[in-house]
Structures are given as C-alpha cells and as structure tokens.
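Notes to accompany the following structure.
The values are calculated or read from the model by the stated rules, or taken from the named source; none is laboratory data. All of these numbers come straight from a predicted model, not from anything done at the bench. A quick note on method: Cβ atoms are made from the backbone with ideal geometry, for glycine too, and the neighbour counts reach across all protein chains shown.
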Amino acid sequence: MNTTEHVVETVGLVKRRGDFTLGPLDLRVPRGFVTGMVGANGSGKTTTLRTLLGLVRADAGRIAMPPIGEVGVVFDQPFVLPYWRVRDAAAAYAASRPGWDQDWFDRLCRRFRLGANERVNKLSRGQGNKLMTALAMGNHPDLLILDEPTSGLDPAARADLVDLLREHMRRQEASLLFSTHITSDLEHFADYLVFVDGGQVVYSGAVDELIEEFAYIQGALTDLTAENKPLIRGLRRGQHNFDGIIRTADTAGFGPGVQIETPTIERVVVHHVRPRDEEP
Amino acid sequence: MHVIVSPVPGVPLYEQIVEQIRQQIMAGELAAGTPLPSLRALAGELRVSLITTTRAYNDLAAEGLIVNVPGKGSFVAQIDPEEARRHCLDRARAEFRQIVERTRHIGLVSLEELTVMLAQEWER
C-alpha cells in the first residue's frame, strides 16, 4: 500500500507547442479518488495528460506518478487493430499486461453488453469507448487515465461509461483521472476538479468546495455599480437583467435585490471562460 | 440497509444518506455490529461521489451511530437508548426553534394554532 497522498504530482511542468504554452503547472491528483479535468477545447487538457504519460516530453518541471506499466490509459486513438474481435483485443492485453484478470474483464463485458465475438471496427462509438476502458481496467491498475472518454457519446452511452468507471473505483486504492468538456459527467461522480484555461490551472480542489467558493448571481442591471461590477466573472447583460459568477465571499458587495444561489459546475465553467464584461 | 438518494435542491446528498441510515439505526432495523457497505461500494451503488459517502459516514461516526474501523470497515455502533433519545430531542428542538423564528415575529399565527398543527401531524 502506498501512503503518499497524491497519485500524480507535478511541479512547474511546462510544455510548449507553437504559440501555446502549457503551465507552469503544479498539479496534484489525490490518491483513491476521482479527479475530473475540465476546460474548453484547446485549453491544454490533452497536452497535460500526454505530458504526464510521457507521450510528449515536458520542456521543464518534475512529474511524480506510478510507473507507466501500472497505469491504465485510454486515449482517442485506440491501440487495437480494427479487424480484431473483442476477444483478440483481450488476448493482446492479457499477454502484455501483468496482473490481467480475465474473469473480471468477462464480467465487465457481460454487464456492458460487449460480445467476445464482435469485431472492433463494427462497434458503435459508445461500445468502442467502453471496450477501450474495460481493456485498460483489465489488470486492475491503481491509476486509470482517460482523455475525453465521453466525447461524441449520446447521454445513455455516457451514463453507461461513467457506470463502468464506477466499477473501477469500487476497488480500494483505485484512482481515476479523466478529462471532459461535458461537465455533467462530473456531477455526483468526480470528487476533485482541475479546471484549466489557456494552459493554466484556474481552480484545483474538491468539487464541493468549488460550488461553495463560487455563487451564481442574477439581478437587475440597476443593481450593478462601478464597485461591484469587477467582482462578477462572465457578466452577461440582458435588456433589464444580468447574471454571472461571483466569489461567495463577495456577496456583501451586492444589494438585497439580487438573487444568489449555489452554482452548477457548468455555470462556473461557462461564466469563467467568458470575457469579464461585455458592454452592450 | 436501504438508502435511496435523489438530487433535491437544498438537501445535500450526504445529508439524505445520513438521515436514512440514522432512522434505520434508531428504529433498530440495523442492529449493533452490522457491517455497512464500504464507502466505495456505497458510492458505486448510489451513483454519488466518494466524498459524499465519506462525509456521510464521518457525520454518522461523529454522532456515535457508527464506528469506522481502519482497514476493517464501518459498523453500526452500540446505541445507548438514553443518548439516542437525547439526540432525537435535540434535533426536534432545533427544528422547532426554526419554525418559531420564522413565524412568531410575523404575528399572523398563534402558539395555539401551531400546537394544534403539531398534534395533527403527530396523528397522521
């Protein structure tokens, strides 16, 4: 049993790609929990995961994580050959991954309706993603890393995939790090959140705390003053009303007329990436 | 143990879990020593996050209703009936206090009316 608190930790991680610079990132992924990485397309999620896994080389910084052989990984490009059947893919994984648990893999396939004889290239996108995930889970890796496992899936297939990931998390010590731009995947599933924007970490911490730290505010345009306007992120003006996200600590800066409520993760993310104010 | 959670606005999921397990322990449906599902199994079952189940079990342990044994799991604690009664009364008083605070100063409802209402709810 490993007793360090974080399964992945980076210090000052930097990766440059053309005009885009990721970092410097100080990233911590708590051991034993589900961490979701959110951010717009092009914000640096995939680059972060690829750099962690050593698929691309970091320009600076340190990375501490389990040996790559002990990490289950799913990226957009599958590592299986298209003419294989599900069972051929399983055999290839079984041969190359120490600790492969065929019973467990078979049980996952039954529960998530993956037939051993199905051709990999005939699977729907949802079934394909489930197969890749089940293969990555097949040897009970302590850490599973997935890049956008739910992108392009319909709601039912997304729910199914999250259920599959929940099976991974039933094991003691299991950790999961996955990126998504669909924030509803995180509700009631992710324990921690890493929110990246423009190659920087905007927020990193418990999901519950994000929702406590920020509040969703709505009010009449007349409630806005020169002092309280800069407190609002992603201020959106209608004809009479406005809405946006504020820090809960800044609530006192607004009059009694405004409505303040607990935000969804989606609201925080959406308003965060908007420009600070848009004058009409 | 039977627990069902639903995303009701205003009632956090961990509180729903705490409330239901507390009821079952108080009512004697869960006997002392009964093992509870692991944090991870319960999170998977209810489709909630691990932090939610962890918080629920921590609250139940703080109330003395369950015991968390590191490496073994969580078990229903031996409940002292006197203490359980006191907890029950404390919670009722806290909720009564809220009702009084919300109604008294408005001056439209009398204590007698509230007392009648309480009796009616009791008989339901």
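Side notes on the structure shown:
- Boolean, A:His181 is at positive phi, surrounded by fewer than 21 Cβ atoms within 10 Å (Cβ to Cβ) and not aliphatic (A, V, I, L, M): no
- The stretch A:183-201 residues that are in the same structural domain as A:Leu49 (by TED's automatic domain parsing) and hydroxyl-bearing (Ser, Thr, Tyr), paired with ones that are in a loop (DSSP other than H, G, I, E, B) and surrounded by fewer than 19 Cβ atoms within 10 Å (Cβ to Cβ) (beta carbon under 9 Å, 6 or more apart): A:Thr183/A:Thr264; A:Ser184/A:Thr264
- Pair list, Cβ under 9 Å, 6 or more apart: the stretch A:19-41 residue in contact (Cβ under 8 Å) with a residue 12 or more places away in the chain, other residue hydroxyl-bearing (Ser, Thr, Tyr) and in a loop (DSSP other than H, G, I, E, B): A:Arg31/A:Thr3; A:Arg31/A:Thr4; A:Phe33/B:Ser49; A:Val34/B:Ser49
- Here B:Leu42 meets each of (1) in contact (Cβ under 8 Å) with a residue 12 or more places away in the chain; (2) over 29 Å from B:Leu111 (Cα atoms); (3) under 14 Å from the mean Cα position of the chain (by Cα) with one exception, condition (3).
- Check on A:Glu187, more than 14 Å from every other protein chain (Cβ to nearest Cβ) and acidic (Asp, Glu): no
- Residues that are outside any loop (DSSP other than H, G, I, E, B), within 16 Å of the chain's Cα centre (by Cα) and of a type outside the set (A, V, I, L, M, F, W, C) within the stretch A:131-167 comprise A:Thr133, A:Asp147, A:Arg158, A:Asp163, A:Arg166, listed in sequence order.
- Selected residue [at negative phi, away from chain A (no Cβ under 13 Å) and touching a Pro at 6+ places or on another chain (Cβ under 6 Å)] from B:Phe75, B:Phe96: B:Phe75
- Residue pairs meeting the criteria (Cβ under 9 Å; at least 6 apart or on separate chains; first farther than 16 Å from A:Ala190 by Cβ and more than 8 Å from chain B (Cβ to nearest Cβ), in the stretch A:155-178; second among the charged types (D, E, K, R) and surrounded by 15 or more Cβ atoms within 10 Å (Cβ to Cβ)): A:Ala157/A:Lys130; A:Asp160/A:Lys130; A:Glu173/A:Arg31; A:Glu173/A:Asp142
- Boolean, A:Thr35 is at pLDDT 95 or above and within 26 Å of A:Ser184 (Cβ to Cβ): yes
- The stretch B:4-46 - residue that is buried (at least 16 other Cβ atoms within 10 Å of the Cβ), modelled with pLDDT under 90 and within 14 Å of chain A (Cβ to nearest Cβ) and, of those, farthest from B:His87 (Cα to Cα): B:Val5
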